[in-house]
Amino acid sequence: MEILFGTHPKYIEHDAGSGHPEQPARLDAVLAGVEESGVREGIGFFVPEPATMADLHRVHDPAYVDALRRFCLMGGGQLDPDTAVSVASWDAALLAAGSGLDAVRRLRAGEASSAFLAVRPPGHHAVADRAMGFCLINNVAVTAASLVAEGEKVLIFDYDAHHGNGTQDIFYRDPNVLYVSFHQYPLYPGTGRADEVGAGAGVGTTVNIPVPAETTLGTYQAAIDEIVAPAVDAFGPTWVIASAGFDGHRDDPLTELGLTAQDFGDLTSWLFALVPRGRRIAILEGGYNLRALTLSAASTLAAMVGERLMAEKPSSGEARIPVIRAIREARARSLEL
Ligand SMILES: [Zn+2]
């Protein structure tokens, strides 16, 4: 088997409210991507174990975790204008957070070369003491923190169209996690400027690439060459985790980026080549056009075994060199302070 694919029936039961874009049908769309990936025979399904309280407490305040548990189990409701929970959301959140931990155990046992975790609710907006932006527990952060506790150095590559403010915040002072985010800017949640570079011992280990609407893959690749790759080389990751949001697809209803399904595959190919087999995980974040989600997940899965699916062509368009130059200069100024 090449790819471990983790998903759980309880992820479907998390209900963010009628008409909410973060809907249960998203998981069906991702599962359809398994069938359309062309690499189905290399994919093995597993049912994740839930995270423990100790796992969550590495990145979240115990008081927040307890309040979230009680709020869900008492019936749920709105946590903020974007974020609602149901009774089932508590189990779903524990199982989403546990999926990465379970994947690490299985990858270390040699079960596969990489893992894709099709989870709900998503995680990258959740901060240490608060849910926000459809996210309850920061799934990627829980996994990264467990790896760091075991002496690993973790690159989190967040290509969701929104900035992962929660992940950035949790690891802002941590020299053992390199957080790299490409995101549309300005856009919710408003963070992720190029001059946010980390603090204390973590100066330099936050890399933000804020890009304007309609940005295509050429700009991503140029920014990788000029800004991200040198930071990755200096950091030396031993594991990579993709915060795999597919809402940067050009057909997504919530954002205006210009990516195609194949672009996510090509980004995954670059990312997963940075570390040896068995140290590569992708965890689902956003993505709200169901067909785009299917094709993007399929292209990502194909890339995880070295294939280019080409269900859609890569996006075309010149790299926006002035954008990259401005990011590089803002970052350099901030690093000199
Ligand atoms: Zn998003």
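The numbers here are math on the coordinates, done by the rules we state, and not lab data. Quick caveat, the model's predicted, so the values are computed rather than measured. Glycine gets a Cβ as well: all are built from the backbone with ideal geometry, and neighbour counts include every protein chain shown.
Considering only DSSP beta bridges whose two residues both sit in the chain, what percent are antiparallel, to the nearest 5?
Working: 5 of 38 bridges.
Counting only bridges with both partners in the chain, antiparallel ones make up about 15 percent.
Of the peptides 313-321, 242-250, how do they stack up when ordered by the mean number of other Cβ atoms within 10 Å, highest first? Mind dumping the intermediate values first?
Details: 313-321: 14.9, 242-250: 27.6.
The peptides rank, most packed first, as 242-250, 313-321.
Calculate one ³J(HN,Hα) per residue across segment 90-101 by plugging θ = phi - 60° into the Karplus curve 6.51 cos²θ - 1.76 cosθ + 1.60, and present them in order as whole Hz with x for glycine and proline.
After applying 6.51 cos²θ - 1.76 cosθ + 1.60, I find 5, 4, 4, 5, 5, 6, 5, 5, x, 4, x, 5 Hz.
If you take the square roots of the eigenvalues of the alpha-carbon gyration tensor of segment 1-111 and sort them as a ≥ b ≥ c, do you get rounded (a/c under 1.5), prolate (a/b over b/c) or oblate?
Numbers: a/c = 3.08, a/b = 1.39, b/c = 2.21.
The shape class here is oblate.
F46's amide H: which non-local residues (gap 5+, or another chain) put their own amide H closer than 5 Å, with H modeled 1.01 Å from N in plane and none for Pro or chain starts?
Here the answer is F5, G6, T7, since their amide H atoms fall under 5 Å of that of F46.
I need the phi-derived Karplus couplings for segment 276-288: 6.51 cos²θ - 1.76 cosθ + 1.60, θ = phi - 60°, integer Hz, Gly and Pro marked x.
So the J values, rounded to whole Hz, are x, 3, x, 10, 10, 9, 10, 10, 4, 10, x, x, 10.
What relative contact order, as a whole-number percentage, does the chain give when Cα pairs under 8 Å and 6 or more residues apart are counted?
Details: 822 pairs, mean separation 67.3, N = 337.
Relative contact order comes out at 20 percent.
Under 5 Å between amide H atoms, partner at least 5 residues away or on a different chain: which partners does G248 have, H built in plane at 1.01 Å?
Amide H to amide H, under 5 Å and 5 or more residues apart or across chains, G248 pairs with A161.
If a/c stays under 1.5 just call it rounded; otherwise compare a/b with b/c (prolate if a/b is bigger, oblate if not). Do that for segment 49-106, with a ≥ b ≥ c from the square roots of the Cα gyration tensor eigenvalues.
Working: a/c = 2.27, a/b = 1.72, b/c = 1.32.
It is prolate, given that a/c is not under 1.5 and a/b is the larger ratio.
Take each of the peptides 198-207, 140-149, average the number of other beta-carbon atoms within 10 Å over its residues, and list them starting from the highest. Don't skip to the end; give the middle numbers.
Details: 198-207: 18.0, 140-149: 24.8.
Going by the mean number of other Cβ atoms within 10 Å, highest first, we get 140-149, 198-207.
Does segment 182-310 come out rounded, prolate or oblate, given a ≥ b ≥ c as the square roots of the eigenvalues of its C-alpha gyration tensor, rounded meaning a/c under 1.5 and, failing that, prolate meaning a/b above b/c? Please list the in-between numbers first.
Details: a/c = 1.84, a/b = 1.14, b/c = 1.61.
Cα axes put segment 182-310 in the oblate bin.
What ranking of F264, F71 emerges when the number of other C-beta atoms within 10 Å of each C-beta is taken as an exposure proxy, fewest first? It would help to have the intermediate numbers written out before the result.
Working: F264 30, F71 18.
Lowest to highest Cβ neighbour count: F71, F264.
Quick one: Cα centre-to-centre distance for segment 68-113 and segment 224-267, in angstrom?
What the calculation gives is 24 Å, centre to centre.
On full extension of the chain, what length is gained from S316 through R70, given 0.36 nm per residue of separation minus the C-alpha to C-alpha distance?
83.7 nm is the gain from fully extending S316 to R70.
How would M304, M1, M74 line up from fewest to most surrounding beta-carbon atoms within 10 angstrom?
Working: M304 28, M1 13, M74 9.
Listed from fewest to most nearby Cβ atoms, that is M74, M1, M304.
Taking H as built 1.01 Å from N, whose amide H comes closer than 5 Å to the amide H of S114, not counting residues under 5 places away?
L4, G278
Which order do F272, F116 fall in if you start with the one that has the fewest other Cβ atoms within 10 Å?
Numbers: F272 24, F116 29.
Result, fewest neighbours first: F272, F116.
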